[in-house]
Amino acid sequence: MKTYDCIVLGFGGVGSAAMRFAALKGWSVLGIDRFGPAHDKGSSHGHTRVFRKAYFEHPSYVPLLQESAELWDELNKRHRTKPSIKQLMNPTGALTVGLAGSETVEGVLRSCQQHQLQHECFTAAEIKRRLPIFNLTDDHVGVFEPDAGYLLVEQCVTAMISQALKHGATIQSDTIVQDWAVDESGLVTVTTDRGVFQAERLIVTAGAWSKDLLPFLHKGLTVLRKQQHWYQLDRVDQKQVNDFPVFLFEEPDGHLFYGVPEIDYLGMKVCRHSGGQPIADPTKLDRSLDNEELSAVESFMDRRMHFGRKRLVHHSACMYTMSDDGHFIVDQVPDHDNVVFAAGLSGHGFKMAPTIGKHLVDVLAGERKSEFDFLRLRAD
Ligand SMILES: Cc1cc2nc3c(=O)[nH]c(=O)nc-3n(C[C@H](O)[C@H](O)[C@H](O)COP(=O)(O)OP(=O)(O)OC[C@H]3O[C@@H](n4cnc5c(N)ncnc54)[C@H](O)[C@@H]3O)c2cc1C
C-alpha cells in the first residue's frame with residue numbers, strides 16, 4: 001500500500017487550501033471527501049462569501065485576514081489566466097450599520113483602530129444619501145471598510161483543488177472516512193467505505209462532521225442549519241445595482257443580517273448571521289425552505305430597505321459549525337503531533353481558508369505561527 005506524505009480528510013473550504021499548500025511543499029497528498037469538489041452539502045457553497053478585515057469578532061483575526069487577502073490575491077493570479085474567468089475576490093467595500101455603541105459597530109472600530117485599517121465613519125443621513133435603499137433611524141451609524149468585498153466561494157474551492165492537483169495531489173471523492181488511527185511508529189491509517197489509506201501526516205478539515213472524527217471536540221461543537229436567500233428587487237434607484245457594497249446590519253435586539261450585492265440573475269443575497277436551528281446529523285440536513293428564517297430576513301428587509309417589490313429567486317441550506325465561544329479551533333490533535341485539524345469555524349471561516357490551510361501544513365512541517373495561538377484547543 002502506498003504511504004502518502006499527507007492525507008487531507010475533507011476537501012471543502014479549508015481542506016482544499018490545506019491540500020494546495022501540502023502539495024506546494026512537495027509532499028505526496030491525498031484528499032478524501034464524502035462528496036465531490038465544490039459540492040453543496042457542507043458549509044462552502046452558495047455563490048458568495050463576505051471578505052472583510054475590520055473584524056468585529058476580535059482584532060486578533062486581523063493579521064490572519066491580512067495574510068488571507070494576499071493568499072487570495074496570489075491564487076487569483078494563478079487561476080484567472082484569461083479575462084473571461086471571473087475574479088475570485090471582488091472588492092465592493094463593506095458597510096457595517098448599527099446603533100452607535102452596538103457590538104458589531106464597536107468591534108469593527110476596535111479592529112480598525114488596533115490595526116490602522118482604512119475606514120470611514122458615517123452618520124445615518126450620510127448613509128441614506130449614498131445608499132438610499134437603506135431605511136435608517138437617526139441614531140444609526142455606519143463604518144465603511146473600502147478594502148473588503150466578496151469571494152466566489154465555489155470557484156475558490158475549485159481553484160484551490162485545481163492548484164493542488166497541478167502540484168501532484170490526488171483526490172478520492174464520494175468516499176466516507178469511517179475512522180483514523182495512529183500506530184506506535186506514527187503511521188496514520190485512514191479507514192473509509194472504499195478502502196484503507198496510509199500517510200505520515202493527517203489534516204482533519206471535516207466541517208460539520210468534525211465531532212464524528214475528532215471525538216475530543218464532541219461537547220464543544222454545535223451544528224446550526226442556516227439559510228441563504230437571493231432576491232430580485234425593484235430598486236428605488238436602479239444605479240445602486242452596480243454600486244452597492246457588502247453590508248452587515250445589527251438590529252437593536254442583537255440579530256445580525258448581511259447582504260451581498262446583486263452580481264447576476266440571482267439578485268441580492270440577504271441572510272441572517274445570528275440564530276439558526278441546531279441539527280443532530282449534517283448528512284440529513286433539511287434543504288426545504290425554512291419559513292422562520294425566511295420571515296426573519298424578509299421582516300428585516302421590509303423594515304430596513306426601500307424597494308418596490310422583492311421576489312425570492314433562490315434559497316439554499318448550509319451549516320455553521322459553532323464552537324462554544326464562536327472562535328475557530330485550529331491545533332494539533334492531543335498526543336499526535338502529526339495530526340492537525342481546523343474545526344468550529346462558527347460561520348465566519350471561509351475568508352480565512354487559505355491562511356488556515358497553510359498554517360495547518362506549516363504546523364505539520366514544524367513551523368507554528370504565534371498569530372494562531374489564540375485559536376488553539378481550549379481547556380474545558
Ligand atoms: C450560509 C453560510 C454563510 C456563510 N458566510 C460566510 C461569509 O460570508 N464569510 C466567511 O468567511 N464565512 C462564511 N461562512 C462560513 C464558512 O463558509 C465556513 O466556515 C467554511 O466554509 C467551512 O469550511 P470547512 O472546510 O470547515 O467545511 P466544509 O467546506 O463543509 O468542508 C468539510 C468537508 O469535509 C467533508 N467530510 C466531512 N466528513 C467526512 C467524512 N467522514 N469522510 C469524508 N469527507 C468528509 C465534507 O464532505 C466537506 O466537503 C458561511 C457559512 C454558511 C453556512
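Only the coordinates and a few stated rules stand behind these numbers; no lab work does. Owing to the predicted nature of the structure, the values given are computational and were not obtained by experimental measurement. Here Cβ is always computed from backbone atoms with ideal geometry, including for glycine, and neighbour counts include all displayed protein chains.
Listing for the model above:
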{"read-out": "For segment 287-333 versus segment 108-168, the gap between their alpha-carbon centres in whole angstrom", "value": "17 Å"}
{"read-out": "Flagged links, alpha-carbon separation over 28 Å, of Lys77/Lys310; Lys269/Lys358; Lys2/Lys358; Lys82/Lys284; Lys82/Lys369", "value": "Lys77/Lys310; Lys269/Lys358; Lys82/Lys284; Lys82/Lys369"}
{"read-out": "Theoretical FRET efficiency, 1/(1+(r/R0)^6), r = Cβ-Cβ of Ser274 and Asp139, R0 25 Å, to 0.05", "value": "0.75"}
{"read-out": "³J(HN,Hα), Karplus 6.51/-1.76/1.60, whole Hz, each residue of segment 118-131, x for Gly, Pro", "value": "5, 7, 9, 9, 10, 7, 4, 5, 5, 5, 5, 5, 7, 10"}
{"read-out": "Counting DSSP beta bridges with both ends in the chain, the antiparallel % (nearest 5)", "value": "75 percent"}
{"read-out": "Peptides ranked, highest mean first, by Cβ atoms within 10 Å: ranges 125-131, 323-329", "value": "323-329, 125-131"}
{"read-out": "Descending semi-axes in Å of segment 330-380, equivalent ellipsoid built from Cα gyration tensor", "value": "17, 14, 10"}
{"read-out": "Vicinal HN-Hα couplings computed from phi for segment 87-98 (Karplus, 6.51 cos²θ - 1.76 cosθ + 1.60; Hz; Gly/Pro x)", "value": "5, 5, 10, 10, x, 10, x, 10, 10, 9, 10, x"}
{"read-out": "Debye intensity ratio in log₁₀ form over the Cα atoms of the chain, taken at each q of 0.09 Å⁻¹", "value": "-0.51"}
{"read-out": "Asp73-Asp193 FRET efficiency (beta carbon distance; Förster radius 56 Å; 0.05 resolution)", "value": "0.90"}
{"read-out": "Computed over the chain: relative contact order in percent, which uses C-alpha pairs under 8 Å that are six or more apart", "value": "23 percent"}
{"read-out": "Long-range tail of P(r) for segment 144-226 (Cα pairs > 19 Å, %)", "value": "59 percent"}
{"read-out": "Segment 79-205: radius of gyration over Cα atoms, expressed as a fraction of 2.2 N^0.38 Å", "value": "1.68"}
{"read-out": "Overall Cα dimensions of segment 173-263, principal axis frame, Å, largest first", "value": "66, 31, 20"}
{"read-out": "Sparsely packed GluC sites (Glu not before Pro) within segment 290-380, loop by DSSP, other Cβ within 10 Å at most 15", "value": "Glu367"}
{"read-out": "FRET E, pair Glu126, Arg80, Förster distance 30 Å, beta-carbon r, rounded to 0.05", "value": "0.30"}
{"read-out": "Cα coordinate range in segment 210-333, projected on the principal axes (Å, largest first)", "value": "53, 28, 26"}
{"read-out": "Order of Ile176, Ile133 - criterion: other Cβ atoms within 10 Å of each residue's Cβ, fewest first", "value": "Ile176, Ile133"}
{"read-out": "Distance in nm between pseudo-label sites at Arg309 and Phe216 (7 Å out along the Cβ direction from Cα)", "value": "5.8 nm"}
{"read-out": "Value of relative contact order over segment 166-270, rounded to a whole percent, pairs C-alpha under 8 Å and six or more apart", "value": "16 percent"}
